[in-house]
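Right, one structure below, let's go through it.
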Amino acid sequence: MSADYDASDFIDSDFQSQRSAVGSPAGGQRAPTREEVDSKVAETQQKLSELKRAQEELERERSALEETRRRQMEFQTGRQEMLQNLTRGIGLLEEAEFNARRDAEQTAKALVGLREALSKIEAVHEETWTKDNFAGELTRALTCLENSRMEWNASRLKFPVLTASAKDPTTAPVPSEARLPVIGEHSFGELCRVGFALTWPLALVTLAGVAALLALLFRR
């Protein structure tokens, strides 16, 4: 007899339908309560705050990345610039150092020559000459003087500062092709004076030699 038992036989379907209709609102879904609305507002506000914090964090991350990119570009640009500047500067300074060393060597050689010429001229003492050795000493003195003049003129050609500082108007002209007169531009008298200025040291040496020879002949 228990197998024929059905629980639905004791449920009144009409009563259940009426009960559901009374408990439900007319629109099918009930209106949210104030507590539910306040909860939704608080939840939405929390989500907005979280999104704002996330946005601020992303903004800071973006700013940091942009600063890193700017520094990287600055490094690359500055590195390339300094490589070019340093390479060019080293080349220029090496060339300047070479020229300065070469000039210093030439200056040192010129100083040695000028000092030697000065020592030789200072070593000539006319008061010690006698009648017997006058001709020979004069010849040696003129030769020393001519060698010193050649050394001086050569130094003046290499170092313009010597020409700029020269104050003696009687200094012999520098034997340079640039200083040789053009024949068509000067009179015969001027050419004679120029020729005499260029050849008088040799003439003096020749005269001194002749005088020495005559002195020897007369002594015989």
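The values are calculated or read from the model by the stated rules, or taken from the named source; none is laboratory data. Nothing here was measured: the structure is a model prediction, and the numbers come from that model. FYI the Cβ positions are ideal-geometry reconstructions off the backbone, even for glycines, and counts take in every protein chain you see.
Look through Thr107, Thr87 and report the one residue that is closer than 30 Å to Ser148 by Cα and either hydroxyl-bearing (Ser, Thr, Tyr) or in the same structural domain as Ser155 (by TED's automatic domain parsing) (or both).
Criteria check complete, one pass: Thr107.
What is the one condition in (1) farther than 30 Å from Val161 by Cβ; (2) surrounded by fewer than 10 Cβ atoms within 10 Å (Cβ to Cβ); (3) among the hydrophobic types (A, V, I, L, M, F, W, C) that Met73 does not satisfy?
Unmet condition: (2).
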